[in-house]
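Below you'll find the structure, written out as structure tokens, and then a few comments.
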Amino acid sequence: MVLPGLFSADRLGRAARAFLTLPSWLQALCVYFASRFVALGIMLAVVRTQPESPWSSGPVTTLNDFLNFWDGGWYRRIAEEGYPSPLPADESGRVYQNAWAFYPLFPWLVRAAGAVTGEGFEVLAPVLSTVFAGAAAVALLALFRLLVTPGRAVTALAFVFFFPASPVLSTAYAESLTLLLQALALLLVVQRRYWWALGAVVLMDLSRPVGVAFSFFMLIHLISRFRRRREEPYPLSQVISSWGLGVLSCLAALLHPIHAWLRTGSLTAYTDTEAAWHTGDTRIFVQWLDAGTRWLGPVGPTAVAVLIGAMVLLLVSPAGRSMGRTLQQYCWGYGIYLLLFFSPQTSTARLFLPFFPLALALAHSRSWGMRAVVLGAFTVLQFFWVGWLWHFTPPYDLPP
């Protein structure tokens, strides 16, 4: 009889109300530290089964080694050696996989921190990533609280930080930094502080390839604001600042590709490098149909259509509408970007992290049982993500 009493609705309700009296930044950090305790605990459990790998510092892979796996090696190369010039390619001109696929802001920040502290990339990268994730939690909760009740905002934040791929937020990847910058940019757009958002957008576009998605979002947002100008005032100052952000966000999305062009002399250096990770060719949309057919056979295209339909239904449902028009528009923009340019692969779960506004739709239910089921399922799936995708099985394995 102890457990039913301990987890009764009344007791949980009182605990939740007491928690919501804390400052919002402290609420965010409490959720964040709980999520990192779980994620790093899972990492620590899985690393015990990890054989020696290309990223191991010795015969026994340490937790710190584990946090620097996979793309962490590319970021380390950028921080320590910079980008290659000219573009590495074979005799026929086919471009090899190389560091130009990875954006510079995160490794540059790690290198700067190393110059100050004297510590190496393998120590500083996971530390900085973890710090950025904590700041992202505070920014996300501030954003969510503008749109929904405090309790639902905290629930949505927990869904983001317990998401199956969320352990990556403590690794030598740029996801934490990008999540922070996306949260700040959307927070400022929701507040209609468009010029202030520009700084976050430019930095975001130097951290990961999400600039085109943000540009799609801004196009949808600007059209919506013009069409609804009689329902929501659209003064001249906001017309100028919003269109300024829209145009400049498109230019900012080109910063890294232009950087690659200028350094290598190849106009298509970035897109050729990205293609080297997949088919060797740049393709639009059809890669989803090809992947569906490859994995599911003749029903593949139908499965892709069902997936797209389910996402559309979620966004237009009452739960989806409750996230607010701006975050809905952002999800439309990011979804269009993934459909056009992303090739489905083992990294798909990680690429769904920027869909964080969908956590507000998942948190639409007020049922404690539903919330517990989602958090429990996400935690179990973290074991799957770390144990199957992040864990490296020699001699060759697919990246997370």
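The values are calculated or read from the model by the stated rules, or taken from the named source; none is laboratory data. Computed from a predicted model, the values in this text were never measured in an experiment. Cβ placement follows ideal geometry from the backbone for every residue including glycine, while neighbour counts extend to all protein chains displayed.
When Tyr96, Tyr194 are screened for being more than 14 Å from the chain's Cα centre (by Cα), modelled with pLDDT of 95 or more and among the hydroxyl-bearing types (Ser, Thr, Tyr), only Tyr194 passes. Checked against (1) over 21 Å from Tyr103 (Cβ atoms); (2) at pLDDT 95 or above, Ser249 passes all but a single condition, namely (1).
Against the conditions (1) at pLDDT 95 or above; (2) farther than 30 Å from Leu267 by Cα; (3) in a helix (DSSP H, G or I), Phe69 satisfies every one except (3).
Applying the selection to the stretch 249-273, what residues are without any contact (Cβ under 8 Å) to a residue 60 or more places away in the chain and part of a loop (DSSP other than H, G, I, E, B)? Ala253, Leu254, Leu267, Thr268 - these are the residues of the stretch 249-273 that are without any contact (Cβ under 8 Å) to a residue 60 or more places away in the chain and part of a loop (DSSP other than H, G, I, E, B).
Buried (at least 24 other Cβ atoms within 10 Å of the Cβ) and modelled with pLDDT of 95 or more - does that describe any residue in the stretch 219-236? No, there is no match, as no residue in the stretch 219-236 is buried (at least 24 other Cβ atoms within 10 Å of the Cβ) and modelled with pLDDT of 95 or more.
If you go through the stretch 147-158 one residue at a time, do you hit one that is assigned to a loop (DSSP other than H, G, I, E, B), in contact (Cβ under 8 Å) with a residue 24 or more places away in the chain and of a type in the set (Gly, Ala, Ser)? Break it down stepwise before answering.
Of the residues in the stretch 147-158, the ones assigned to a loop (DSSP other than H, G, I, E, B) are 147-149.
Those left that are additionally in contact (Cβ under 8 Å) with a residue 24 or more places away in the chain: 147-148.
Now drop any that are not of a type in the set (Gly, Ala, Ser), which leaves none.
No, the stretch 147-158 contains no residue that is assigned to a loop (DSSP other than H, G, I, E, B), in contact (Cβ under 8 Å) with a residue 24 or more places away in the chain and of a type in the set (Gly, Ala, Ser).
Counting residues in the stretch 166-188 that are surrounded by fewer than 22 Cβ atoms within 10 Å (Cβ to Cβ) and not in a helix (DSSP H, G or I) gives zero.
Exactly one residue among Ala112, Ala99 is under 16 Å from Ser207 (Cα atoms), small (Gly, Ala, Ser), out of contact with any strand residue (DSSP E or B) (no Cβ under 6 Å at 6 or more places or on another chain) and buried (at least 19 other Cβ atoms within 10 Å of the Cβ), and that residue is Ala99.
From Ala361, Ala349, Ala372, Ala377, which residue is within 20 Å of Phe161 (Cα to Cα), touching a Gly at 6+ places or on another chain (Cβ under 8 Å) and either among the hydroxyl-bearing types (Ser, Thr, Tyr) or assigned to a helix (DSSP H, G or I) (or both)? Even if it seems obvious, please write down each step before you answer.
Working: Ala349 fails: touching a Gly at 6+ places or on another chain (Cβ under 8 Å); Ala372 fails: touching a Gly at 6+ places or on another chain (Cβ under 8 Å); Ala377 fails: touching a Gly at 6+ places or on another chain (Cβ under 8 Å).
That would be Ala361, the only listed residue that is within 20 Å of Phe161 (Cα to Cα), touching a Gly at 6+ places or on another chain (Cβ under 8 Å) and either among the hydroxyl-bearing types (Ser, Thr, Tyr) or assigned to a helix (DSSP H, G or I) (or both).
Listed here are the residues, each with its yes/no results for (1) at pLDDT 95 or above; (2) assigned to a loop (DSSP other than H, G, I, E, B); (3) crowded, with 16+ Cβ neighbours inside 10 Å.
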site	(1), (2), (3)
Leu22	no, yes, no
Trp25	yes, no, no
Leu29	yes, no, yes
Phe33	yes, no, no
Ala45	yes, no, no
Pro54	no, yes, no
Ser57	no, yes, no
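Criterion first (on the phi > 0 side of the Ramachandran plot and surrounded by 21 or more Cβ atoms within 10 Å (Cβ to Cβ)) does Trp70 satisfy it? So Trp70 passes the test.
Going through the stretch 114-136 one residue at a time, which ones are in a helix (DSSP H, G or I) and either in contact with a Gly (Cβ under 7 Å, 6 or more places away or on another chain) or within 19 Å of Ser24 (Cα to Cα) (or both)?
Initial filter on the stretch 114-136 (in a helix (DSSP H, G or I)): 114-117, 121-136.
Passing the criteria: Gly114, Phe121, Leu124, Ala125, Val131, Phe132, Ala133, Gly134, Ala135, Ala136.
The helices (runs of 4 or more DSSP H) found entirely in the stretch 274-333 that carry 2 or more residues being under 30 Å from Ser224 (Cβ atoms) and at pLDDT below 90 are 286-296, 300-316.
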